[in-house]
Structure formats: C-alpha cells, structure tokens
There are 4 protein chains.
Amino acid sequence: MSVPVAVVGASGYTGAEALRLLAQHPKVHVAAAYARRAAGSRLADVFPQFDGVPSVGELAIEAFDADAVASKAEIAFVGLPHGQSASAVAALHQRGVLAIDLSADFRLRDPDVYARWYGSDEQPAHPAPELIARAVYGLPERYRDSLRSAEIVACPGCYPTSAILPIAPLLDAGLVETSGLIVDAKTGVSGAGRGASASVHFSEIGEGVRAYKVAGRHRHTPEMAQELSAAAGQPVTLLFTPHLLPMVRGILACVYARPTDPSRSADDYREALTEAYAGEPFVSVLPAGRTPDTAHVRGSNRAHVAVEVDADSGFVLAMAAIDNLVKGSSGQAVQCMNLARGWSETTGLESGGLFP
Amino acid sequence: MSVPVAVVGASGYTGAEALRLLAQHPKVHVAAAYARRAAGSRLADVFPQFDGVPSVGELAIEAFDADAVASKAEIAFVGLPHGQSASAVAALHQRGVLAIDLSADFRLRDPDVYARWYGSDEQPAHPAPELIARAVYGLPERYRDSLRSAEIVACPGCYPTSAILPIAPLLDAGLVETSGLIVDAKTGVSGAGRGASASVHFSEIGEGVRAYKVAGRHRHTPEMAQELSAAAGQPVTLLFTPHLLPMVRGILACVYARPTDPSRSADDYREALTEAYAGEPFVSVLPAGRTPDTAHVRGSNRAHVAVEVDADSGFVLAMAAIDNLVKGSSGQAVQCMNLARGWSETTGLESGGLFP
Amino acid sequence: MSVPVAVVGASGYTGAEALRLLAQHPKVHVAAAYARRAAGSRLADVFPQFDGVPSVGELAIEAFDADAVASKAEIAFVGLPHGQSASAVAALHQRGVLAIDLSADFRLRDPDVYARWYGSDEQPAHPAPELIARAVYGLPERYRDSLRSAEIVACPGCYPTSAILPIAPLLDAGLVETSGLIVDAKTGVSGAGRGASASVHFSEIGEGVRAYKVAGRHRHTPEMAQELSAAAGQPVTLLFTPHLLPMVRGILACVYARPTDPSRSADDYREALTEAYAGEPFVSVLPAGRTPDTAHVRGSNRAHVAVEVDADSGFVLAMAAIDNLVKGSSGQAVQCMNLARGWSETTGLESGGLFP
Amino acid sequence: MSVPVAVVGASGYTGAEALRLLAQHPKVHVAAAYARRAAGSRLADVFPQFDGVPSVGELAIEAFDADAVASKAEIAFVGLPHGQSASAVAALHQRGVLAIDLSADFRLRDPDVYARWYGSDEQPAHPAPELIARAVYGLPERYRDSLRSAEIVACPGCYPTSAILPIAPLLDAGLVETSGLIVDAKTGVSGAGRGASASVHFSEIGEGVRAYKVAGRHRHTPEMAQELSAAAGQPVTLLFTPHLLPMVRGILACVYARPTDPSRSADDYREALTEAYAGEPFVSVLPAGRTPDTAHVRGSNRAHVAVEVDADSGFVLAMAAIDNLVKGSSGQAVQCMNLARGWSETTGLESGGLFP
C-alpha cells in the first residue's frame, strides 16, 4: 500500500526536488504540499516542470497546518527556513508524523553552537532543544543504523555532505591529521534558494567565479567540524571556503589534509575509501587518474569520490562531486526515509546522472 | 518477466540517454550495449554518470553484431550515424528484433528525398528502401495506432518533433495556411552529438547565439515538410531556421503561420490544441499568458506547447519546448517501445523535468 | 581639451557600460556620476570592474541635480527609468547640456503612442511632449545628419536596433513587403537591467530558453513599427517575438519578410545591404554562407548583418547580431555623442569584440 | 611614430587577444600576422570579431618566416606551442626583433626542469638553452626593472600569475611558511586553447566542475615553485589543483598558507599586500569583506587580490582574480612591451572589466 507523504515548504528548490523524487517513488504518494505564500496555487503554476505530471501537477498548495498534515500523511519533508522548521518539525513529531527536516535546525548537536550560528534577535535560542537528541543526522553512510529507527531526520547540509564523504573514512582510520583541514568547495547557484537577490542575478553570476563567506563565516562550518570531529574521535580544526560558480546544480569539494604517515601512497588512501564504501549503493570511489565531475552526478543521488597524494607537499587531496539538491538534500532525505521505513535503501533513487 | 533490450551506438548522447531511461524502466533490462570504437570498455568509463548504477554501469561495450544482438535482446535502440543505421536496422529486423531507430534513415517516406538529403558518394541511395514502408514514424501523438504493431520505429528528429507538436493540429483543422510556415527553433549543443569539433567548443559557444544551416539547408527541413504536409492533407511550404544556444539540452520552436480565418482568437487556437491533446500523457497545452521554457522539460519526456495570435500582423504563433534528447529522441523512442509492446505508454517516463 | 561628461543613472547596466566606454574615450572625461539609491558610494563599490580604473573608480556617486550636472558637464548620458528620464532630460536641456537619453522617453514620435505603451496611473501622459520633436533618434546609420546638430538624442532600444539594421535597407529599396514582417529576436539577460527578480535568477534562466511578451506585448514593438514604417514610406505591420537566453550579453535578430519580387536572389539582397552600409564604420555585411554570432560582437559597437532567401517558402531572412549594451545602448550613445560634437564617429569605439 | 608589431600564432586565443589589444594601442600598429594552417586567410575569417575592425580585420595571415617578420616589425608576440616557440623566438631575437613569448619556453630558468616537464621524444631538451638567461620573466609587479631592458620576454603562465600576485608579497615579507602552500585555482575553458577536443565540448563542460591534472601533474607547478621560491628566498613546497569551470574566461586562485606568526590579523596581511602594490597600476587590493570575482576583471588587465585569516585553523587565505587571456597572457605581454619600449606602462590597457 502506498504511503502518503507531505512536503512542507513546497515552493522552494529543495521542496520541489523532494516532490520530483517522491512523485516517482513506488512506495509513496504525495498527499499534500504546503507553502505559505503560494497557498491556493496549483503546484504546476509554481513549478511548471510538474505540468501534467500525474499526482503532483494538479496538487493544490495549502498553508501549513500540523493537524492537517497529520491527518493526511505519515511522513513529512520539511524544507522551511531555519528556525521555522524546528517548530514545524516539533508539531509534526508530536502528532506522530515521521519528520524529515531539510533545514539546518536539527543538524547541530549542541544548542549553544546552534544559537551562535543561527540565533537571531527574535529567536536567540533553538526553538525545540529537547528534540535535538531525538534527531538523527541523515547521512546514511555514517548513521545508517540509527536512521532505521529515526523519528526525526536532520538532513545534512549540501556542503557538509560533499566534505564528509571523501575525508571522514580517512579520519576514521587515522590516516590524516585532525588539524588544519581545508575544504575548498565549489557550488552551483541553486544552493542559494529560489529567493530573488542581486547575488543570484544571472548577469552578476554569468562568466564569473568567486569565493564568499570565507574564513569561517559560512554556517556549514560548525556542521562539518561536528561530523569530522566525530569521525576523528577528537576535535578537528578546519577552514572552509565556499565558491559560487556559473552553473545551476552541483558541488565539488576538495579537502586537503596532512597525512599522519607520509610514506603512504595514493593507493593506500584509495583502498581505505574503497573499503569504507564497499556495498554503499550511492558512493563510487573513482579509480586512479579519474577526478569527480559534478556534471556526471546531476539529478542523481550518487557521490563520486576520489583521492590523490601530492608528492611535493605531502598533502592528501580527497574530492567529491554531488548534486547539491539530491545527495546534498532531497535525494538523501528520500534515502533516509527508505531506511526509516524499512524499504530498500535505493528505492526511487536508482537513476544515474542526467548527462550531458 | 523483464524483456532484454540492447542499445546500439552506446557511446553517443542519444545512446546514453536511451540507456539512462531503459535502466529505470520496470519492464526491461539492458542486456547489451554496442559501440564500435568504445568496444572493450565498461560503459561507466565512457559515460561516468553510470558509475555504480545497477545493471548498466558495469556493462561491457561490444562491437555490433546482428546475430549477437538477436541472441541477447528482443528490442534494439539503434543510434548510429545515418546510412549505417539502416543496415543495422535491416539486419536486426530480419532476425526478428524490434528495431527502434534513432537515426534519420527511416524517417523520410520517399527514397529519392532521402537520397537528395542524406546520400553520399559512397552511398548515394537508401541502403534498405524496401523497409521504408514497414517503418512507422515514431511520433505517438500522430501515429499511435500504427506504432502498436510496428516492427521498425523511425524516431523523429528533435527539431521536427518540436515543430510538429504545436502546429500540426492547427493544420489538421485547417486553421492556418499551408504556405509560408516559418519554424524558428533554438537548441542546445547536445543535439550536435558527442564528436569534438570547433563548432561545439565551449569557448566558441559560450555567451553567443547564432543561426546555422539557414534557408533550407538543414536536413530536418524535408522531414518537417513531409509530416506537416501529411497533417495539412496537401503540400506545405516552410522555412526552417535552426539556432545554436549556450545550453546543453532543449529545443524551443516558434512556428509562425497565417490564419485561414483572421477573425479567430488565440482562445480558438488554444482550444484546438487542447482538444487535439486531450488525454495525451506527455503534452501540456499552457494556459493563456504562459510561454514554454526548455528549462521546465529538461530530462523529461514532456512537451509544453502554447499558441498566441498577434493582432497587428495577424500571425498565429505556436510554440513548443522539449528536451531534444528525451521527447526529441530517446524518451520518445521508449514511448514508442511501450506502445509496440503493449505496455502502458508512460512506463518509465513519468518523471517531471529536472528543474532547476 | 577634454570635455566633461556626466552619467545619470550610474548604478544600472547601461550607465555602467556608458562609464566603461567614456573612461577610455580620448575626447572626454567623466566629471560626475549620479544614482539616487547609490548616492554616497564610490563607483567602484557599486561596480567593482572599475576598481583601480583611473578617473572613474574613485568617483563619488551623487544624487541627481540638474544644476549640479550643468555646472560640471557639457554632455550627460541619462539612463533613468522611463518617465523619470524625460524630466531629467528636460531639465538638462534647459540648462544647455547635450542630453543623450538611454531610456525610451523620446524614441516614439507620437505622444499618444508613448502614453499607450509607457503611461501609468501616476503619469498617464508624456512628461515633456514639447521636446519630442527636438530629440533625434540616435541611430547614426539612419539619422546621421540630424544627429550632427542634435540637442537631445533618443538612443534606440536594443531590440529595435537589432531589427532595423538588417531590414530597413530592404524596405528603403522596396525589396520586401511591408506587411507581415516577423522579428524573432534572442537576447541575453543583461537587457533586463540590474534589478533582482525571479525572472533573472540564475537558476531559473540557466539551461533554458523561452519567449516572453509575445504577440505584440513588448514595448519595443511600436518603436520598431515607427522606424520600419519610416523606412518603407508607409505603415508596416509586424510581429515581434523576444526570447531570453542563458547568456549575459547580445541580441540576435532574425527578420522574416516576403519579397516584392520573388525572382531576386540572396545576392541581390546582400548587395542592397552592402551598398546601404558602404562606408559605415560599425556595420559588417557578412558574405554568403556566414551567419552572425553575438559572441563575435560582445563588448564592441559593431553589428554583423546577413541576409538569405529561402527557395521553398520564398521568404527573405535578414539577420543581425549586436551587443545589447553597446551597439544596442551605450556604445551607440557614444557614437551619437561623437557625431553631435563633430568628432570622428568611431572615437573611443574602435575595438573589436571580446572573443572568446 | 607608430611602431610596427607582428603576431606569430595568430589563429590561437592568446594570439587573437594580443591582436585585440594591439589594435587599440596608440603607439603601435599590427604590421603582420602569422599562423601556419590559416595562412592565406583574412584575419576576420579566422576570428570574426575583427570583421570591419580597422587595420586588423583585413590583414592577410602569412606562414611564419623570421626574415619576413624582421623586415616588417620591431616587436613580435609569439604564441606558438611550446618547443616551436623557442625556435621562433631565437630566430627573431637574432634578427633584432623584441620577442615577447606567450608560450612556456622561456619561463623556467633551469633547462633540466624544462626538459622534465616539456621535453618530448622528438625534442627532449630545450631548443635554445643559451637564451634562457637573456629572457626576463614577464611579471612587471616583480621584474619591472629588468623588463625595461628586456630583449626577450617570457610571459608568465595564467595560473602562475594568479597565484604569485596574492601570495608572493607575503612570502617576500616572511609572513607565511614556505612549506605546504596550496594553490586551488579555478579557470574558464579558453585557457585550453582553440583546438577541438572532447574535453572542451560544450556538452561535456556545461553545468559541471572538475579538478584535473591534480597532485603535481600540471605543468604550471614548477613555474609557480620557481617564482614563489624566488620570493621566499628559499625553496617552497606547494600543491596545485587546477579546476575547469563552465565559463569562457577568468581564473580565481585561492592560496592557502600557514602564518609564521599566528598572532597576526587579516589586516596585517592586507596591509602587506597594500604596501607591496602601492602604485601598481593593475593590482587592486580589495578591502576587508570583499572577495575577488573573475566577472569583474573580464577583458581587462587588472588583478583583484584579497586576503583573509581563518581563526579556527590559523590558515591565511590569499586570493586573486584575473582574466586568463589578459593579465594571464596577452595583456600582461602588452604591459611588458610598454616597459621594454619605455612607454607608459598602462598604454592601451586602461580599460576596466567588461561587466556584466
């Protein structure tokens, strides 16, 4: 029997991507879609790619109401702005709905860290700190077992996903130093969301590349630090440099780390990754000589990872390419749903990248 | 039981797109892939988007052999260069394989027209003229019944698909004149295929738009003329202007036609389209005020069509947006396969566009 | 002696392009820059491409004041929103400043037509109708003599420039019919200006093409009609279809027209264009077999035009590629300034396109 | 009196960019253009952006001959493939022509290093080792005095220029460690040259980003090491990761370095850069909070540099944005010519970036 799911925050890009994936998922159907400002519209009017798509295209968008969601759906994907998401998740959780949160609200384990990075004058502290411990960080490659019984899933940020996948196994295995990690990541514009602003104007972005929120200013920094520290078993220090590129989707992360034993070769690190990801349905460790390309994972839930060593400087270079809206957000969320419901983990996510 | 299919010409873009769609099709599995120069490689080495994708990623590419195909597959998608494709299709057809030809070889009903547009010094005439009559033009919206019993499917060109869909119903109904049709179409670069050349160099294409093969020089012209004449019930005259745009996928066609009765309104034409496409699973007729956008159909088999009338000049403007590799090629081919095999027409093709 | 010029509306794209061209013009220097909301900023803070550029980079942006402009500059480029521009131009003209208006305010000769297309509830009529007759339409290829003594220059719209250049000489010579002209034009995003909106979001534009304001809804339609009617010596009827492409700069216009004498060849039309543009410093008529590409005129004041005839339909296809911000706006404005001041027409505009 | 210059290798992108800049340079005129395969063509047929551009558009391309160059020009810009360039430069130098080499042939001071990185079976050693010592590395910000009397200029690579500018002054001043530098650089496709190949196919590049020639495999690595070691006064070790982005022009380099004194602030480093570049006509040190964007330097000879410190990891992050074809190649070459001829260094290079 098909399980009813709801998408809350259906007018944003992560909401739309969740809808796209859920519409083709054989175990569920989209029972309702919520978006405050778009309430009253057909979904296909807000996102014309759904025009004529059975079951979702004609869906009428509603204003969010936790009771209504609970009456219609067993599972909810919540893609609201941080702060708002936590409240919605709390209300849904209370009503027994499996809440899969696409926002940042339940990613950080420490409410003080959350408050420092996400607090505002109106809402200085976490809105539902008592639920943080009940949320599972939605990275199946690292928290698969916990996800099988999750009641709240905190889907990872796109950048953290791209950084954790290639380097965490090397930290796990003690192969690289825990201090002075550098994450130099490059992303497409869709990660900024659908809101109009000068910084996403085509004419300002086209034919240009720039770093932004450098030197510890990007909110995904503490999330990376938390997860990489967990992998290392001790606090890591890291520098994160995000870049904006003239493309719509994709993140390429290059993580630079110093080896704990300089005598190891690229093959050693590649073997460590290969072993770590043996059996993983969505992670490909590329062979020597190949580098990940975001064009090859566009639209798919796959991650391509690779590792090399630089003879001159000694640095280990671990790389990953993902689609920020799929493995970096809504696809990974579906993967978590599959786990939480006991379905095959790849259900609805099998397809390869849309290339070219 | 899953039906085995083969893809011949698996190293090109239309071949790859067929593989992507077939890999997620619930009724078939890809049993073999063929490509002369890439023979011996894993498919994922030629197209990294398939790395790790179950069933297709590890497929070993073989050199084409009709007997081998017939021993492994019931259906073959053939995406070879014109001229070569006809011979392969003939060999496969003889061996009882349902041949779905992605090339131009069986699109034109008249072998003389074929010879004029596609003949070469080495091969001046059609290589298998006796089969032309047995091939069905693979546009389900116009040849659905014939496709149900097709043994050879001649998949339409991408440009003709984009032009026929918005204007043929108006010709059918006698609403527009049959002389002086103008098709001004804009396409992404993937339509030119994967071969390297100066004309598809990123630096030559980026930030530029140009028309090419104008004034009756493009080979899709006689195909459009054939099909639009069939719709009109009399010969049409038309001008086709293709354009190359700095994007990978998509075709937007604008067809300009003179009305047979100038008193009709845009609503009249829209109603004609709406009626013609009532029940069509992949064609959306957009409401007044909306125009098709290729970004909204990327990766999907859908066509968005619209029509307007210009008060000043009297012209009818009919538009369509498709993905040239999906509805313009391999997706439509899968749709035809579904018909030919008696499956639900939308099987494996339900998903909406990958947007953004 | 260097002549002081001012740019009013310096925070928009046409203002910035005027500044770029004026900064390298040997006869003038930028004495002041005006922009209401950006007043108080350094120009390089608003447009970082001017960082370190002598004379303009450190310019302090001021709030517009006609007396201040008149005290500092002999010439002003006015790139304000329509409606506002007319008032500024009137004030500057009264103070003896040569006003070169980049807006639409003085392009239409008939104030009633202006009111119909540009009027608003707040400002239903033209704000300075008495000056319309004193403004010269700033297309040197057609109004060179008048421009030599112009006091107000009404710079043409980008689309009209791209449409008039290839077809007007054929109308002049009576070679094409005056009814049923079709202008199918494709433009980059910069033409929409610097204001943020959903319609210029990179993620909404990338990898997509769409027509907009079709069937007589775009404000450049009456301007084209006016100028093409002037060329033809009688009213023309035309259909204008603008398209938005995933690129920053450039317009490619394809104009379709019926020949008055079907026996003429492409060479005949090409000869007519060649003759019309003999001696023109910025218009290249391309030889047979070549088509214009916006990538080849990016950043330059040049127009590439070409013409072909379609044997099947009989249509004449006249094409032009320009940079919408240069020949389509600020470069043409500088060309007009050169004429109005008696300088060599190409001063400061000699450079070829920035390609690749 | 205008000085005659020649461009050798006029059919490539760096040759074309040299032609663009020389055509608008007030002290020189292009007397001849050379390109083997394109010999016999008009320049405008090979590069349509020069169509109608006075003096260069109608230039007939010739096959290279050193005597012919010497009879026509005092200065030659040589943009041939490495190996070939050295021979041409030697022949021109012998004939008294100022040779400005855009290739890699005279960049490396050590012929053994050259042989290791650029040697081939046909030409294992440097073709003109005796001239290496006479060539001056064409980075005016570091070798201005030597350039004033240069007879051969070895123009720096695009990546080295982008890496040296932001970090060399910090190495000069002993502010950062000399070991373990990381250069993570992102470039547009034009850096790969005009030759057609799968790796520059629009459909392969569009919507994707990837690293290539990672971990010490890119030929610009030894050049960076040479120049940064010269700055540091001791050998540096460095890791260079180049990336290919879906844009035509531009390089953004991020250089990561460890501070020698962790107590220093970003302001300290910024001050060091500001002091180093005081009076430099083409380098802007951006204020705190702003990051370089390649879109802002496109088409201009300017470099935007910035520096930040990461509190958590301690790393210094120094960044630069340049146009790879201008400051990274032909613009810098013109700057060197200006110095070598005793002209004002900015002659012909004053313009700001083409933005948007």
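Every number here is computed from the coordinates shown, using simple stated rules; none is lab data. Since the model is a prediction, treat every value here as computed from it, not as a measurement. Note that we place each Cβ from the backbone using ideal geometry, even for glycine, and neighbour counts take in every protein chain shown.
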**Complete:** In a Gaussian network model of chain A with springs linking alpha carbons closer than 10 Å, the residue among A:Gln332, A:Gln123, A:Gln84 that fluctuates most is A:Gln123
**Request:** Express as a percent, rounded to the nearest 5, the fraction of DSSP beta bridges in the protein assembly as shown (both residues included) that run antiparallel.
**Result:** 45
**Item:** segment A:159-324: antiparallel DSSP beta bridges as a percent of all, rounded to 5
**Value:** 70
**Request:** With a bin width of 20 angstrom, please list the P(r) values of chain D as percents of all Cα-Cα pairs, from the 0 bin to the one holding the largest distance.
**Result:** 31, 59, 10, 0
**Asked** Hey, if you put +1 on the Cβ of every Lys and Arg and -1 on every Asp and Glu Cβ in chain C, which of C:Leu165, C:Tyr118, C:Gln24 ends up farthest toward the positive end of that dipole?
**Response** C:Gln24
**Complete:** Sequence order, segment D:124-140: Karplus ³J(HN,Hα) from phi using 6.51 cos²θ - 1.76 cosθ + 1.60, θ = phi - 60°, Hz rounded, Gly and Pro as x, gives x, 10, 5, x, 8, x, 5, 8, 4, 5, 8, 7, 10, 5, x, 10, x
**Item:** For the protein assembly as shown, size of Cβ-based charge dipole, Lys and Arg +1, Asp and Glu -1, in debye
**Value:** 0
**Fill in**
chymotrypsin sites (Phe, Trp or Tyr not before Pro) in segment A:269-329 lying in a DSSP loop, each with at most 11 other Cβ atoms within 10 Å of its Cβ, come to none
**Complete:** Helix A:266-276 sits off the longest principal axis of the Cα atoms of chain A, rounded to the nearest 10 on a 0 to 90 degree scale, by 30
**Asked** Separation of segment D:14-93 and segment D:198-229 by C-alpha centroid, Å?
**Response** 28
**Message:** Running a GNM on chain C with Cα contacts under 10 Å, which residue among C:Val28, C:Val316, C:Val326 ends up with the highest mean-square fluctuation?
**Reply:** C:Val28
**Prompt:** For chain A, what relative contact order do you get, as a whole percent, if you take Cα pairs closer than 8 Å and at least 6 residues apart?
**Reply:** 17
**Complete:** The base-10 log of I(q)/I(0) that the Debye equation returns for the protein assembly as shown at q = 0.05, 0.07, 0.09 Å⁻¹, one scatterer per C-alpha, is -0.37, -0.77, -1.33
**Message:** Can you give me the angle between helix C:84-94 and the longest principal axis of chain C, using Cα atoms only, in degrees from 0 to 90, rounded to the nearest 10?
**Reply:** 70
**Message:** Tell me the relative contact order for segment A:3-133 as a rounded percent, counting alpha carbon contacts under 8 Å between residues six or more apart.
**Reply:** 22
**Message:** Within 12 Å, Cβ to Cβ, of D:Thr291, how many net charges do the neighbouring residues add up to if Lys/Arg are +1 and Asp/Glu are -1?
**Reply:** +2
**Request:** Work out the count of Lys pairs in chain D where the Cα-Cα distance is under 30 Å, with the pair 8 or more places apart or on different chains.
**Result:** 6
**Request:** Treat every Asp and Glu Cβ in segment C:71-209 as -1 and every Lys and Arg Cβ as +1, leave all other atoms uncharged, and give the resulting dipole magnitude about the Cα centre to the nearest 20 debye.
**Result:** 400
**Fill in**
Comparing D:Ala288, D:Ala196, D:Ala173 in a Gaussian network model of chain D (Cα, 10 Å), the one with the largest mean-square fluctuation is D:Ala196
**Message:** Using a label point 7 Å beyond Cα on the Cα-Cβ vector, give me the inter-copy distances for D:Ala68 in nanometres, one decimal, shortest first.
**Reply:** 5.1, 5.9, 7.8
**Prompt:** What ranking of C:Val69, A:Val214 emerges when the number of other C-beta atoms within 10 Å of each C-beta is taken as an exposure proxy, fewest first?
**Reply:** A:Val214, C:Val69
**Request:** Taking the Cα centre of chain B as origin, work out the dipole magnitude from +1 charges on Lys and Arg Cβ and -1 charges on Asp and Glu Cβ, in debye rounded to 20.
**Result:** 560
**Item:** Where N is the number of residues in segment A:3-133, Cα Rg divided by 2.2 N^0.38 Å
**Value:** 1.06
**Estimated vicinal HN-Hα couplings, Hz - segment A:288-297 in sequence order (Karplus 6.51, -1.76, 1.60; Gly, Pro = x)** = 3, x, 10, 10, x, 9, 5, 4, 8, 10
